[in-house]
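Note sheet for the following structure.
The values are calculated or read from the model by the stated rules, or taken from the named source; none is laboratory data. What you see is a predicted model, and the numbers here were worked out from it, not measured in a lab. Methodologically, a virtual Cβ is constructed for each residue, glycine included, from the backbone with ideal geometry; neighbour enumeration extends over all protein chains shown.
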Amino acid sequence: MLAVWIILGVVVFIGLAIALSYNRFVSQRNLVRNAWANIDTELRRRYDLIPNLVETVKGYASHERQTFEAVTLARNAAAAATGSPAQQAQAEGPLIGALRQLFAVAENYPQLKANENFLQLQGELANTEDRLQTARRFYNNNVQDYNRRVQSVPSNIVANWFNFKEEEFFEVEEAIRTAGAPKVDFS
């Protein structure tokens, strides 16, 4: 009779361990999804700022049509990307490059750089980039913790039983920097 109680106790213990592990996986998966939603929110905010920025620059550099078209096409492609984090990151690369090109154009127009609307949009974009980088770090940290559990023994057994799969990291080029480090000239 004692052996039956011991076996029953072990079964209950294993069942509780499995249930706790499952619940922790669900919690971590939801945290990863919530972190991704934060990234998506910041991306959408950036996408909304870009047309206004392009229109402001157009007012001063109307002959830079190719640059404006490249930014618009890259923005539309990135906004339309709705796949995995890796697919979204791949769509972000051309946009970041196009925005860098737009800011390079803006550097050639001192009166544009002094325009209050441009400065405000540039500040908003820089703020959005900072928030996006923070959200990306938070997401990637959560993915790392979750993936570690999916790969580690004994939690990988529960992950396999209940089909918890590894999540993808969101890795893109460095943020768009609209204001670089101050330049020092001793000449």
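So residue 82 passes all but one of these: (1) within 17 Å of the chain's Cα centre (by Cα); (2) surrounded by 15 or more Cβ atoms within 10 Å (Cβ to Cβ); (3) not in a helix (DSSP H, G or I). Which condition number does it fail?
(2)
Filter region 96-142 for residues that are among the small types (Gly, Ala, Ser), over 19 Å from residue 44 (Cβ atoms) and surrounded by fewer than 17 Cβ atoms within 10 Å (Cβ to Cβ) and give the result.
Matches in region 96-142: 97, 104, 114.
Just checking, which of 138, 103 is closer than 25 Å to residue 170 by Cα, aromatic (Phe, Trp, Tyr), at pLDDT below 95 and within 26 Å of the chain's Cα centre (by Cα)?
Within the list 138, 103, the selection yields 103.
Here's the yes/no breakdown for (1) in contact with a Gly (Cβ under 8 Å, 6 or more places away or on another chain); (2) surrounded by 13 or more Cβ atoms within 10 Å (Cβ to Cβ); (3) outside any helix (DSSP H, G or I):
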position	(1), (2), (3)
11	no, no, no
50	no, yes, no
67	no, yes, no
74	yes, yes, no
77	no, yes, no
94	no, yes, no
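Please name all residue pairs, on different chains or six or more residues apart, with Cβ atoms under 7 Å, provided the first residue is in region 59-87 and is at pLDDT below 95 and the second residue is of a type in the set (D, E, K, R).
Between residues of region 59-87 that are at pLDDT below 95 and residues that are of a type in the set (D, E, K, R), the close pairs are 68/58; 78/92; 84/168; 85/168; 86/168.
Applying the selection to region 134-172, what residues are under 18 Å from residue 83 (Cβ atoms) and of a type in the set (Asp, Glu)?
166, 167, 168, 171
Restricting to region 151-167, and then to whatever is in contact with a helix residue (DSSP H, G or I) (Cβ under 7 Å, 6 or more places away or on another chain) and farther than 23 Å from residue 40 by Cβ, can you tell me which residue is surrounded by the most Cβ atoms within 10 Å (Cβ to Cβ)?
Across region 151-167, the extreme among qualifying residues is 159.
Among the listed residues 13, 25, which satisfies the condition of being over 30 Å from residue 105 (Cα atoms) and in contact with a Lys or Arg (Cβ under 8 Å, 6 or more places away or on another chain)?
On the way: 13 fails: in contact with a Lys or Arg (Cβ under 8 Å, 6 or more places away or on another chain).
Answer to the check: 25.
Just to check your reading of the model, which residue among 3, 61 is outside any helix (DSSP H, G or I) and more than 28 Å from the chain's Cα centre (by Cα)? Walk me through it before giving the result.
On the way: 3 fails: outside any helix (DSSP H, G or I).
Just a single option satisfies the conditions, and that option is 61.
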